[in-house]
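Trainee: My questions will all concern the structure given below.
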Amino acid sequence: MFMYRISASPETKALIKELMNTIKAEEAEPAEVHLVEKGMPIPENSLCLVFDAEHLGDLLRFINKIAPNRQSPPFLIGRKHETFQPLLLSDILFFRSCGNILYAHTEQQAYEIKHKLFEMEKLIACENFIRVNKSNIINVLKIKEIIPWFGGRILLRFTASEERIEVSRNYVKDFKQFLNM
């Protein structure tokens, strides 16, 4: 189990605890790493990771990479009508939330997934997926074209699909950082 300590504002601390629970990490003393929000005092004699509260997504991706035994499932079970089918994560173009139902879109069709969008975002955080607006998580390896769009937004086109998804202004900065653009 990954052991950590946090020095952060109460709001940020609560959010980090929730994120760390998803990777089965535990806040304890002694800790392997001390997570310190920028501007907080840095403890001595401890391995510290200083982060900016505005970039918690980057912190989560980093923690996912170093956390032991953290793996996304190799596949999900999708439902189409009354049948179920295993779906490899690598075959999924994007996830789309429509009301209370989440769909995994492949090149052939869309499958209903039992998770909610926020659950899926946590489940596949260490893979090639990133949230791009309030309803979609996309597989960056399936992007065919990235098109600058009106008002600072970005439009994405996918391989073997006519679907287009907009990266909203609130997600553009994280999207560009994820792709090192």
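Trainee: Would you mind stating whether residue 155 is in a strand (DSSP E or B) and either closer than 22 Å to residue 59 by Cβ or at pLDDT 90 or above (or both)?
Mentor: yes
Trainee: Ok, one more. List pairs: first residue in region 116-139 and touching a residue at least 24 places away in the same chain (Cβ under 8 Å), second residue assigned to a loop (DSSP other than H, G, I, E, B) and of a type in the set (A, V, I, L, M, F, W, C) anywhere in the structure, Cβ distance under 6 angstrom, at least six positions apart or on different chains.
Mentor: Hits for this filter: 138/132; 139/92; 139/93.
Trainee: Of the numbered conditions (1) in contact (Cβ under 8 Å) with a residue 12 or more places away in the chain; (2) of a type in the set (Phe, Trp, Tyr); (3) over 22 Å from residue 15 (Cβ atoms), residue 84 satisfies every one except a single condition; which is it?
Mentor: Evaluating residue 84 over (1) in contact (Cβ under 8 Å) with a residue 12 or more places away in the chain; (2) of a type in the set (Phe, Trp, Tyr); (3) over 22 Å from residue 15 (Cβ atoms) leaves (1) as the failure.
Trainee: Also: Mind checking whether some residue in region 166-175 is at pLDDT below 90 and either crowded, with 20+ Cβ neighbours inside 10 Å or farther than 25 Å from residue 61 by Cα (or both)?
Mentor: No; the residues of region 166-175 include none that is at pLDDT below 90 and either crowded, with 20+ Cβ neighbours inside 10 Å or farther than 25 Å from residue 61 by Cα (or both).
Trainee: With respect to residue 118, determine if the residue is within 17 Å of the chain's Cα centre (by Cα), at pLDDT below 90, within 21 Å of residue 60 (Cα to Cα) and part of a helix (DSSP H, G or I).
Mentor: Answer is yes for this residue.
Trainee: Please find, among 73, 41, the residue that is at pLDDT 90 or above and closer than 30 Å to residue 6 by Cα.
Mentor: 41
Trainee: Does region 92-106 contain any residue that is surrounded by fewer than 16 Cβ atoms within 10 Å (Cβ to Cβ) and closer than 25 Å to residue 59 by Cβ?
Mentor: No, region 92-106 has no match at all.
Trainee: Another question about this same structure. Sort out which residues of region 161-171 are within 24 Å of residue 104 (Cβ to Cβ) and without any contact (Cβ under 8 Å) to a residue 60 or more places away in the chain, and write them in order of number.
Mentor: 162, 164, 166, 167, 168, 170, 171
Trainee: Select from region 40-64 the residues that are touching a Lys or Arg at 6+ places or on another chain (Cβ under 7 Å) and assigned to a strand (DSSP E or B) and write down the one among them that is surrounded by the most Cβ atoms within 10 Å (Cβ to Cβ).
Mentor: The selected residue is 51.
Trainee: Which ones in region 29-39 are surrounded by 15 or more Cβ atoms within 10 Å (Cβ to Cβ) and either in contact with a His (Cβ under 7 Å, 6 or more places away or on another chain) or not small (Gly, Ala, Ser) (or both)?
Mentor: Passing the criteria: 32, 33, 34, 35, 36, 37.
Trainee: Same structure again: Filter region 9-28 down to residues that are surrounded by 15 or more Cβ atoms within 10 Å (Cβ to Cβ) and in a loop (DSSP other than H, G, I, E, B) and give me whichever is modelled with the highest pLDDT.
Mentor: So, considering only residues that are surrounded by 15 or more Cβ atoms within 10 Å (Cβ to Cβ) and in a loop (DSSP other than H, G, I, E, B), the one modelled with the highest pLDDT is 25.
The values are calculated or read from the model by the stated rules, or taken from the named source; none is laboratory data. If you're wondering where the values come from, they're calculated on a predicted model, not measured in any experiment. Please note: Cβ atoms are built from the backbone with ideal geometry, for glycine as well, and neighbour counts cover all protein chains shown.
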